[in-house]
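Pasting in a structure now, in structure tokens, and then I'll have a few things to ask.
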Amino acid sequence: MRIAVIAGDGIGRDVTAEAMKVLQSVGDVFGRRVDLEHLPWSADHYLKTGETLPPNGYQFLREFDAIFVGALGDPRVSDNRHARDILLGTRFELDLYVNYRPVRLIDDRLSPLKDRGTKDINFVVFRENTEGVYVSVGGRFKAGTEDEVAIQEEVNTYKGVHRIIRHAFEHAKTHGLTKVCMADKSNAMQQGHALWQRVFKEVAPQFPGITATHQYIDAMAMFLVKDPGQYQVIVTNNLFGDIITDIGGALQGGLGMAASGNIHPGKTSLFEPVHGSAPPLAGKNVANPIGAILSTALMLETLGARDESKAIEAAVEQAVRAGQTTSDIGGTLGTREAGDYIVKHIRKH
Ligand SMILES: NC(=O)c1ccc[n+]([C@@H]2O[C@H](COP(=O)([O-])OP(=O)(O)OC[C@H]3O[C@@H](n4cnc5c(N)ncnc54)[C@H](O)[C@@H]3O)[C@@H](O)[C@H]2O)c1
């Protein structure tokens, strides 16, 4: 496997080091060669060279089996330009239309909800990843004055909505799940979200064993906290998916636990923890590496290396149950020591 590694900024670097240690160890144990190509693309690189990524950067990334990103974001780059080019740019240029975010509580102890545990918090979110309000279509008129007008358009295409909804149903089918819930705001956003309604009603009957339901996103935000056990598969747009998966991160025990994949099935895809670069924690050996480590498990699952993926998940579960973790989830270990514990467990496999 050839993997492009962009550790990025802040704690992205700390957690990527651990995730790559874990990936190498699972490769050793299962006899699979893993070649890592570390790319320097980051705020430091941008501030030093003026380049966010090289002119052929996206084409270069396409040649790898997968891409791993730690996190991007640095207060010295106030317009976040490098993060936009590297992360959003790769999502758009490689057409990574599926943002896959599993939300699974590993241990009851980490539940932030009263009387809700591992049996209640176990679902996946599919967020549309190439359209919506993140396409940067719009403009500002009379900027900086009291007459300023700012327009940010939301783009929804039949092709884009159809392929993410279909992917959610296909995931349910292939994983033996029976419920898909689509969230939109079609009561208030009557143009774009009418398209989501239409496509959902068109696709759902093609999956007869699966119950298709709909919720408005505001109701879903409430139910995710009140009754998360009702969900198996959620599908929604770019903005709403971004927001509810942070709720999902909290349900799993914190942002440090959440993993994600940015996927175009069958093509080079990108895997990253859900959290950002958390500048105050950077370089202090305190960041939780589990979100990054579980992102390598998603990468292996997507590349068809199921046993390796399961071995990583099992080692993480063991570490969490044994309390051998960083302090954000109640342990006493540093980032490196938490990574070492997981590696040790995998090597015992
Ligand atoms: N995908 C990405 O690369 C990504 C995602 C979100 C934010 N960002 C960027 O990251 C920077 C910081 O953003 P933010 O502070 O809003 O979000 P953040 O995710 O970096 O941090 C939010 C909170 O979660 C905690 N946290 C996050 N990850 C953790 C971990 N692994 N272990 C322990 N605690 C953890 C932090 O201490 C902080 O309190 C910004 O520049 C933002 O643009 C990048």
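Quick one: pull the percent of accessible area on segment 260-349 belonging to carbon and sulfur, 1.4 Å probe, ligands and nucleic acids left out.
Numbers: 1800 of 3580 Å².
In segment 260-349, the share of accessible area belonging to carbon and sulfur is 50 percent.
Between Val29 and Lys267, what length in nm is gained on full extension when 0.36 nm per residue of separation is reduced by their alpha carbon distance? All intermediate terms of the calculation are to be shown ahead of the outcome.
Values: separation 238, 0.36 × 238 = 85.68 nm, distance 2.61 nm.
Going from the current span to full extension adds 83.1 nm.
Same structure again: Only Lys, Arg, Asp and Glu count, each charged at its Cβ (+1, +1, -1, -1), so figure out the dipole size of segment 126-255 about its Cα centre, rounded to 20 debye.
The calculated dipole for segment 126-255 is roughly 560 debye.
Okay, moving on. So what is log10(I(q)/I(0)) for the chain at q = 0.08 1/Å, when the Debye sum runs over its Cα atoms only?
The computed values of log10 I(q)/I(0) come out as -0.38.
In whole Hz and in residue order, list the ³J(HN,Hα) couplings for segment 261-267 that follow from phi through the Karplus curve 6.51 cos²θ - 1.76 cosθ + 1.60, θ = phi - 60°; x for Gly and Pro.
x, 10, 10, 10, x, x, 10
On to the next question. Along each of its three principal axes, how wide is the spread of alpha-carbon positions in segment 204-306, in whole angstrom units, largest first?
So the extents along the principal axes, rounded to whole Å, are 50, 34, 22.
Also, I was wondering about something else. For a quick check of understanding: with a 1.4 angstrom probe and all protein chains in place, what accessible area in square angstrom does Leu87 have, to the nearest ten?
So the heavy atoms of Leu87 present about 30 Å² to solvent.
What does the charge dipole of the chain about its Cα centre add up to, to the nearest 20 debye, if the Cβ of each Lys and Arg holds +1 and the Cβ of each Asp and Glu holds -1?
With Lys and Arg at +1 and Asp and Glu at -1, about 800 debye.
Starting from the Cα of Lys114, step 7 Å toward the Cβ, then list every residue of segment 248-282 with an amide N under 18 Å from that point.
Of the residues in segment 248-282, 251 have backbone N under 18 Å from the label point off Lys114.
Count of lysine pairs in segment 250-349 with Cα atoms under 25 Å apart, counting only pairs 8 or more residues apart in sequence or on different chains?
Numbers: Lys267/Lys310; Lys284/Lys344; Lys310/Lys344; Lys310/Lys348.
Step by step, the pairs that qualify in segment 250-349 add up to 4.
Continuing with the same structure: How far apart, in nm, are two points set 7 Å out from the Cα along the Cα-to-Cβ line at Asp65 and at Asn187?
4.8 nm
Once ligands and nucleic acids are excluded and a 1.4 Å probe is used, how much of Asp79 is accessible, expressed in Å² to the nearest 10?
80 Å²
Given a 1.4 Å probe, how much area per residue of the chain is accessible, in Å²? Could you put the intermediate results ahead of the total?
Working: 15320 Å² over 349 residues.
Solvent-accessible surface per residue comes out at 44 Å².
So what's the back-of-envelope 222 nm ellipticity for the chain, counting only DSSP H runs of four-plus at -39500 (n - 2.57) apiece and dividing by all residues, rounded to 500? List each step's numbers first, then the result.
Working: 11 runs with 133 residues, N = 349.
Dividing the helical sum by the residues of the chain leaves -12000 deg cm²/dmol.
Please give me the summed charge of the neighbours of Ala4: other residues whose Cβ is under 14 Å from its Cβ, Lys and Arg +1, Asp and Glu -1.
-3
Longest span of the chain, sites excluded, free of trypsin sites (Lys or Arg not before Pro) in DSSP loop with at most 12 other C-beta atoms within 10 Å? Before the final figure, lay out each step's value.
On the way: sites that count: Arg33, Arg76, Lys114, Lys119, Lys142, Lys267, Lys284, Lys348.
That would be 143-266.
Accessible area, 1.4 Å probe, largest first: how do Glu308, Glu202, Glu301 sort? Walk me through the numbers on the way to the answer.
Working: Glu308 15, Glu202 65, Glu301 45 Å².
Ranking Glu308, Glu202, Glu301 by accessible area, largest first, yields Glu202, Glu301, Glu308.
At a 10 angstrom cut-off on C-beta neighbours, averaged per residue, how do the peptides 65-74, 144-153, 209-218 rank from highest to lowest? Please list the in-between numbers first.
Values: 65-74: 23.9, 144-153: 9.1, 209-218: 15.8.
Ranking, from highest mean packing down: 65-74, 209-218, 144-153.
Now, a different point. Please compute the modelled spin-label separation between Glu148 and Arg336, points set 7 Å along Cα→Cβ, answer in nm with one decimal.
4.5 nm
Given the whole protein assembly as supplied and a 1.4 Å probe, what does the accessible area of Tyr46 come to in Å², nearest 10?
Answer for Tyr46: close to 40 Å² accessible.
What's the tally of Lys pairs in segment 111-187 whose alpha-carbon atoms lie under 23 angstrom apart, where the two lysines are 8 or more places apart or on different chains? Don't skip to the end; give the middle numbers.
On the way: Lys119/Lys173; Lys119/Lys179; Lys159/Lys173; Lys159/Lys179; Lys159/Lys185.
So the count of such lysine pairs works out to 5.
Still on this structure, I have one more. Which parts of segment 226-249 would a label at Thr178 reach, counting a residue when its backbone N lies under 13 Å from a point 7 Å out along Cα-to-Cβ?
In segment 226-249, the label zone of Thr178 (backbone N under 13 Å from the point 7 Å along Cα→Cβ) covers 232.
Taking the Cα centre of segment 2-153 as origin, work out the dipole magnitude from +1 charges on Lys and Arg Cβ and -1 charges on Asp and Glu Cβ, in debye rounded to 20. Working shown, then result.
Details: 20 positive and 25 negative charges, 91 e Å.
Here the size comes out at about 440 debye.
With a/c under 1.5 counting as rounded, go ahead and sort segment 107-236 into rounded, prolate or oblate using the C-alpha gyration tensor (a ≥ b ≥ c being the square roots of the eigenvalues; past the cut-off, prolate if a/b is larger than b/c, else oblate).
Values: a/c = 2.61, a/b = 1.47, b/c = 1.77.
Cα axes put segment 107-236 in the oblate bin.
The values are calculated or read from the model by the stated rules, or taken from the named source; none is laboratory data. What you see is a predicted model; the values in this text were computed from it and never measured. When we count neighbours, we look across all protein chains shown, and the Cβ atoms used for this are built from the backbone with ideal geometry, even at glycine. Please note that ligands, DNA and RNA were not included when accessible areas were found on the heavy atoms of the full protein model with its side chains. Shrake-Rupley method; radii C 1.70, N 1.55, O 1.52, S 1.80 Å.
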